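First up is the structure itself, then whatever we jot down about it.
The values are calculated or read from the model by the stated rules, or taken from the named source; none is laboratory data. Nothing here was measured: the structure is a model prediction, and the numbers come from that model. Counting neighbours? That spans all protein chains shown, and the Cβs are built from the backbone with ideal geometry, glycine included.
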Amino acid sequence: MSRAFVVREFGGPEVLKLEQREVGAPGPGELRVRHRAIGLNYSDVYNRTGLYKLPLPFVPGGEAAGEVTAVGDGVTDFKPGDRIGYIGPPGAYADERLLPAGRAFAIPDAIDDETAAAAMLKGMTVYYLIFETHRLAAGESTLWHAAAGGVGLIGTQWSKALGATVYGTAGSDEKLDLARAHGCDAVINYKTEDFPARIKELTGGRGVDVVYDGVGKVTFDPSLDCLKPRGLMVSFGNASGYVTIPNLGVLATKGSLYVSRPTAATYFAKTEDLRRAAAALFDVIASGTVKITINQRYRLEDVPEAHRALEARETSGSTIFTL
């Protein structure tokens with residue numbers, strides 16, 4: 001028997017119920033995986049609340065690091081005993097699970113399980129944002145919202161390593177210090193400062209080349225005022241609610257701006273794209289270019305409390321569950 005958190009109705013952290021279940025043997029093309037560490041992401045909250053709807057009931061959790069314990073027919077890439085990581089499909093909030101082999105990738109010896117679990121979805125999100133949604137180049141400037149969060153800390157470091165000028169927002173002095181220590185050239189308290197005015201001041205009135213925003217509704221409109229003419233607004237999350245643009249003409253009046261709403265599901269639909277991103281992420285971690293900050297650790301049984309803390313914006317860096 002394996003423990004797993006199951007959502008049988010959409011709602012708050014209280015709908016997460018720890019249950020016992022049989023995992024079974026892997027079918028064709030599947031792996032049976034025993035988890036060693038599990039990552040927490042805001043997409044897990046979206047699934048739990050129904051913002052991103054999954055068929056009920058389901059086991060949340062989109063990433064974990066673990067060990068292959070059995071392989072199904074046709075699996076040639078992995079064998080029992082291999083260390084693997086994955087992002088998606090949901091099902092990570094469990095001791096063990098079955099996983100399509102095409103969604104897994106090897107974790108190199110230089111990366112421990114906790115670091116992998118803390119970094120994979122966040123870091124691979126950063127990979128597609130700065131290499132594929134917009135190929136960030138040396139000399140460009142960028143604004144990262146929630147710069148002290150899990151994605152933000154990786155994004156600011158990796159962007160700086162590419163030679164970009166990096167600005168970041170956060171909501172407390174502690175988080176501003178954390179963002180500054182992870183690559184931001186300047187940091188802005190979005191609660192007490194007019195961040196578009198501050199960005200214009202920092203850039204001599206020009207604006208930044210690209211804004212990366214996982215916050216959503218409350219930051220979207222003012223972020224448009226942070227961009228240079230023909231700049232790119234990348235909205236990749238909805239922590240404060242969905243973004244709507246009732247009048248596309250606003251993009252014209254603010255300088256012929258571009259807007260993108262990318263997702264990992266699209267960028268990593270193919271196994272080769274998924275594994276290329278994982279390899280790139282593990283390389284920059286192993287080299288020390290990107291350091292992973294794990295500021296919260298919970299036991300698996302404490303998943304509801306971790307969700308509450310994440311939604312209350314009490315966390316910084318990455319959060320993981322250990323078993």
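Values for this structure:
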quantity	calculated
Residues that are among the hydrophobic types (A, V, I, L, M, F, W, C) and either part of a loop (DSSP other than H, G, I, E, B) or at pLDDT below 95 (or both), drawn from segment 312-323	312, 323
Cross-chain or 6+ apart pairs with Cβ under 6 Å, segment 253-269 first and over 20 Å from residue 104 (Cβ atoms), then among the hydroxyl-bearing types (Ser, Thr, Tyr) and assigned to a loop (DSSP other than H, G, I, E, B)	none
Test: residue in segment 27-48 that is free of Cβ contacts under 8 Å to residues at least 12 places away in the same chain, under 19 Å from the mean Cα position of the chain (by Cα) and not assigned by TED's automatic domain parsing to the domain that holds residue 214	no
The listed residue being within 18 Å of residue 42 (Cβ to Cβ) and modelled with pLDDT of 95 or more, out of 286, 309	309
Condition check for residue 19: acidic (Asp, Glu), more than 23 Å from residue 263 (Cβ to Cβ) and in a loop (DSSP other than H, G, I, E, B)	no
Residues of segment 53-104 that turn out to be touching a Pro at 6+ places or on another chain (Cβ under 7 Å) and aliphatic (A, V, I, L, M), as a count	6
